[in-house]
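Heads up, the thing below is written out as structure tokens.
Where a number appears in this text, it was derived from the coordinates with a stated rule and is not lab data. From a predicted model like this one, the values you see are computed outputs, not experimental measurements. All Cβ positions, glycine included, derive from the backbone under ideal geometry; neighbour counts span all protein chains shown.
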Protein chains: 2
Amino acid sequence: MTTDRIKQAVDHVHANRDAYMERFYDFLRIPSISTDPAFKPDIQRGADWVLSELKRLGFDKVSAMPTEGHPLVYGEHLKAGPDKPTVLVYAHYDVQPVDPLNLWETPPFEPTVRNGKLYARGASDDKSGIFGNLLVIESMLETAGSLPFNVKVFFEGEEESGSPSMESFIAENRDLLKADLLIISDGGSDTGQPIIYYSTRGIIGIEVLVTGATADLHSGLVGGAVRNPAHVVGKIIASFHDENGHIMVPGAYDGATPLTDAERAYFDKYESVILEGLHTAGGDFKLWGEPGYNFIERATARPSIDVNGIYGGYQGDGGKTIIPSKAGFKLTMRIAPGQDADDIKAKLVKHIESFKEDTIDIQFVRQESYAPSLMLFEGPIADAQSKALHDVWGKEPLKLRSGGSVPIIGMFQKVLGLPIIGCGYSTGGSIHAPNEFLDIEHFWLNVDTGIHFFYHLADVKLGG
Amino acid sequence: MTTDRIKQAVDHVHANRDAYMERFYDFLRIPSISTDPAFKPDIQRGADWVLSELKRLGFDKVSAMPTEGHPLVYGEHLKAGPDKPTVLVYAHYDVQPVDPLNLWETPPFEPTVRNGKLYARGASDDKSGIFGNLLVIESMLETAGSLPFNVKVFFEGEEESGSPSMESFIAENRDLLKADLLIISDGGSDTGQPIIYYSTRGIIGIEVLVTGATADLHSGLVGGAVRNPAHVVGKIIASFHDENGHIMVPGAYDGATPLTDAERAYFDKYESVILEGLHTAGGDFKLWGEPGYNFIERATARPSIDVNGIYGGYQGDGGKTIIPSKAGFKLTMRIAPGQDADDIKAKLVKHIESFKEDTIDIQFVRQESYAPSLMLFEGPIADAQSKALHDVWGKEPLKLRSGGSVPIIGMFQKVLGLPIIGCGYSTGGSIHAPNEFLDIEHFWLNVDTGIHFFYHLADVKLGG
């Protein structure tokens, strides 16, 4: 029965591919850039496009809800009835800026297909997430006449701006957003090997400025008789780790959930695959880190502190004989699932403040913190997703933790406390860069996966 | 007898002030900027002007001696005879660049008098040093018909470029430069209180670059599993001092000549005056430093290390989640009289190199070292100078150490090993900046001081 319904929905989608793609182009033509106030009317047009699609599909309470930032597109399809579980679906309709424009081969808001790839800003990140879900829902409604569970959609308009008003919005709309499962549709599969990332690290962002004299001083006249702020910066940075890379900030590991033995064994087994993934981090590098933990645990499941930038004094060619007036640094601390971002940030700030001296001042230019998340990776819901991926891609998905941070997931988990799983439609091409693209065949496989997953999910007892 | 000769020479100078000033203007009109190759012909014109003056005064072996850089103007007046001592006089005829030109009230190479001040690039630094010495010698020759000792002049053409070829030049011309005393005429008195600076600290300039991965990495993907070069920079900088400001680099204090008890007592006595001088170092600051040494000792007679600039990673607004590929810092270490600049530099380099790790590289972008100097501050020559200053200015000169570095003095002391004393003609107005000036009345007092000093010096048994 499930198999039949899946086949009907998948066939329906594929029979209408061309028409659906035309419809997607309309969405992609809207330059819904959230970081630039000049595009505010386009953000609204982006929201309007989604609203009209939701209405067409029979969603209720469809509205662009005002937030402190950009509108949140909400709609609910509760026709499965109160005895059925409710799934909340997240994606975002805003996109990154397009600079540098001259590097685009075709204009970013004129969708163009070349060699099986659809080029446009947002084609992958994350209009594919919204459009993919709409297609899954439409094909199920068109073929079965109904959805097997209730659906609420939460389509954000400020993800690319860091979701500044989302945490308070979620908290204020706790009842509206009540659900049994949250599906995050941001990301997706971009190779033949499906991967499920089931945790993200939280992130604390801090900028510290150390100030000494009111102006740079001549190092000949007073060198040795005045405290140098750059030395204090060195001392603070040196204090973060012991010589093996273990973080020495008191309380830095508080609350961190350790890997299970099963996870450790799994990561050991897939070490080489994971290492390959890590090398997308940037240039060539050598592994290093805290003894007693393998590299994947260090990079995804343990807290880490990294100075992202240091500055102070003379930066030009050659030398300059000064004692700088100011020196500072920016850091990000990644925190592990289980840790409280605000608590750890307070401990880090307290540690840094302990370096204050009579002759220098320490200020915090910026303090941010976002919660980590731990999503489903075992149990019936995760199994339903794995089955869907296996059915469509012909391979077991890899299950990994991400060392990165997706603030919105942490916010949902922290505020709503509901189970979360990822199901994305992006194919990850040149995201945030010129010539962003969607691999069209991979996208249709992702839509197929979505249909499989939704129907397998219908067989699972949710919210029990 | 000495008093008569002094009076005659002083009277002669003052009787010819206007004519002498006109002659000085000719010298000041030559834009002998040593840092810019475009001015090479003007450097030659500057040298030629000095050569013709030396010839007019009866100097022998007058020549612009080639160096690896700009020509060195040499001349000798040995007519006092082989039984008389020889004094070597140093000054420099090159000047600083004039940018920003728009801040000059009158063109830098059109000498202009306003409110008792003569405005021109080089008016103080250091054409006044050359011209002052020429006037002292001319007035003595015009009134007494001879000089009481032999004189050699060493007028440099690349001081403002850091004297790159001087150390080798001095070493190669050791015999030619043989003398019983070296007088440094760079600097002078710019207030009613004459000051004798009798020591300079040496300086070691180093730039260190720490390199990790071949490109910036994503701190989410690998944070905790890759060594961060900015952390190594912090560790190196933190290693330089203990918590009290004592330098922890092994051997950093080797060879440093301690202050005598008399000097300590003197500095304690003049503490407030010296503190006032220190505040010309730049902005407002609080004193700090190594326990057991008063601030003047820290700033002028003890080695010090200062990071002048640190850099690495993201420097813009807000944050960026990277592990920087590179981070670095520039430092100057001041070393005390008695220390060997090359030896201490080697020890500092070795210490920094000890932070090399398997996963990061440490490179030295730049390494420079210049020797410290300890000039005369007691004994008959210093007394002759103090007497001259007291006679002319009506005050005892303050005798201080300078915490700064004057590489050329260290080179002379290191290579020639002869006694050195300062006798400058500058009045220190806006040196190296727009609207450089010479306070005309102070300049004439400095010339008077030079005449007094030379005649008092003639009564001292030099070279004994």
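The 3J(HN,Hα) values that the Karplus relation (6.51, -1.76, 1.60; θ = phi - 60°) gives for segment A:103-110 are, in residue order, 8, 6, 6, 10, x, x, 10, 10 Hz. Gly and Pro appear as x. Residues whose amide H lies under 5 Å from that of B:Gly404, counting only those 5 or more places away or on a different chain, are B:Arg201; hydrogens are built 1.01 Å from N in the peptide plane. Positive-end ranking of B:Gln44, B:Asn102, B:Leu57 along the dipole of segment B:26-144, with charges on Cβ about the Cα centre, is headed by B:Leu57. Note on A:426-436: average number of Cβ atoms from other chains within 10 Å of each residue's Cβ is 0.
Can you classify the protein assembly as shown as rounded, prolate or oblate using the Cα gyration tensor, where a ≥ b ≥ c are the square roots of its eigenvalues, rounded means a/c under 1.5, and otherwise it's prolate if a/b beats b/c and oblate if not?
Working: a/c = 3.48, a/b = 2.79, b/c = 1.25.
Prolate, since a/c reaches 1.5 and a/b exceeds b/c.
How would you rank A:Leu376, B:Leu438, A:Leu348, going from fewest to most other Cβ atoms within 10 Å of each one's own Cβ? Intermediate results must be reported in sequence, preceding the final value.
Values: A:Leu376 19, B:Leu438 32, A:Leu348 25.
By the 10 Å Cβ count, ascending: A:Leu376, A:Leu348, B:Leu438.
At most 11 other Cβ atoms within 10 Å plus a DSSP loop assignment makes a site exposed; report the longest stretch of chain B without any exposed GluC sites (Glu not before Pro). Counting at most 11 other Cβ atoms within 10 Å as exposed, the longest clean stretch of chain B is B:244-464.
Restricting attention to segment B:280-343, which chymotrypsin sites (Phe, Trp or Tyr not before Pro) occupy a DSSP loop and are surrounded by at most 10 other Cβ atoms within 10 Å? Working shown, then result.
Numbers: sites: B:Phe285, B:Trp288, B:Tyr293, B:Phe295, B:Tyr311, B:Tyr314, B:Phe329; in loops: B:Phe285, B:Trp288, B:Tyr293, B:Tyr314.
Counting only loop positions with at most 10 other Cβ atoms within 10 Å, none of the chymotrypsin sites (Phe, Trp or Tyr not before Pro) in segment B:280-343 qualifies.
For chain B, the relative contact order is 25 percent, taking Cα pairs closer than 8 Å that sit 6 or more residues apart in sequence and dividing their mean separation by the residue count. The H on the amide N of A:Leu217, modeled in the peptide plane, is under 5 Å from the matching H of A:Ile323, A:Ser325, each at least 5 residues off or on a different chain.
Here's how it looks for B:Lys399: its modeled amide H is under 5 Å from those of B:Ile196, which are all 5 or more places away or on a different chain.
Taking the fewest neighbouring Cβ atoms within 10 Å as the starting point, the ordered list for A:Ile360, B:Ile310, B:Ile440 is B:Ile440, A:Ile360, B:Ile310.
What does the charge add up to near A:Ile206, with Lys and Arg as +1, Asp and Glu as -1, over the other residues with Cβ less than 14 Å from its Cβ?
Details: positive: A:Lys330, A:Arg334, A:Lys345, A:Lys347, A:Lys350, A:Arg366, B:Lys320; negative: A:Glu207, A:Asp306, A:Asp342, A:Glu353, A:Glu368.
Net of charged neighbours comes to +2.
Taken one residue at a time, the phi angles of segment B:19-32 give Karplus couplings (6.51, -1.76, 1.60, θ = phi - 60°) of 5, 5, 5, 4, 5, 4, 4, 4, 5, 5, 6, 8, x, 7 Hz. Gly and Pro are set to x. Across segment A:48-56, computed HN-Hα scalar couplings (Karplus, 6.51 cos²θ - 1.76 cosθ + 1.60, θ = phi - 60°) run 4, 4, 5, 4, 5, 5, 4, 4, 4 Hz from first to last residue, x flagging Gly and Pro. By the rule of a C-alpha distance below 19 Å, with chain neighbours fewer than 8 residues away ignored, the lysines paired with B:Lys387 are B:Lys7, B:Lys395, B:Lys399, B:Lys461.
Given a cut-off of 27 Å, name the pairs among A:Lys326/B:Lys117; A:Lys347/A:Lys414; B:Lys326/B:Lys347 whose C-alpha atoms lie farther apart than that in the structure shown. Check vs 27 Å cut-off fails for A:Lys326/B:Lys117. Segment A:196-267 and segment B:49-63 have Cα centres separated by 64 Å. So, in Å, what gap is there between the alpha-carbon centers of segment A:323-343 and segment A:366-417? What the calculation gives is 25 Å, centre to centre.
Label-point spacing for B:Thr35 across the identical copies (point 7 Å from Cα in the Cβ direction), in nm and ascending order: 3.8.
Based on the mean of other beta carbon atoms within 10 Å per residue, what is the order of A:402-413, B:211-222, most packed first? Walk me through the numbers before you get to the answer.
On the way: A:402-413: 24.0, B:211-222: 22.2.
So the peptides A:402-413, B:211-222, ranked by packing, come out A:402-413, B:211-222.
For segment B:1-86, relative contact order (Cα pairs under 8 Å, six or more residues apart, normalised by length) works out to 16 percent.
Counting Lys and Arg as +1 and Asp and Glu as -1, what is the net charge of the other residues whose Cβ lies under 14 Å from the Cβ of B:Asp216?
Details: positive: A:Lys330, B:Arg227, B:Lys320, B:Lys326; negative: A:Asp284, A:Asp306.
Cβ neighbours under 14 Å give a net charge of +2.
Here B:Lys345, A:Lys84, A:Lys461, B:Lys7 are placed in order of increasing Cβ neighbour count within 10 Å, fewest first, which gives A:Lys461, B:Lys7, A:Lys84, B:Lys345.
Here the contact order of segment A:272-407, divided by its residue count and restricted to Cα pairs under 8 Å and six or more residues apart, works out to 21 percent. Net charge in the neighbourhood of B:Pro164 (other residues with Cβ under 9 Å of its Cβ; Lys, Arg +1, Asp, Glu -1) is -3. Based on DSSP H segments of at least four residues, each scored -39500 (n - 2.57), chain A has a per-residue ellipticity at 222 nm of -10500 deg cm²/dmol. Where chain B is rotated onto chain A, the residue of B whose Cβ comes nearest the axis, and that gap in whole Å, is B:Ala238, 2. Straight-line reach from B:Lys55: taking Cα to Cα under 16 Å and skipping same-chain neighbours fewer than 8 places apart, the lysines in range are B:Lys79, B:Lys152. Positive end of the dipole of chain B (Cβ unit charges, origin at the Cα centre): among B:Met21, B:Ala346, B:Val447, the Cα lying farthest that way belongs to B:Ala346.
Reported to the nearest whole Å, the Cα centre-to-centre distance from segment B:13-40 to segment B:94-164 is 6.
Taking every residue in B:404-410 and counting other chain Cβ atoms within 10 Å of its Cβ, the average works out to 2.
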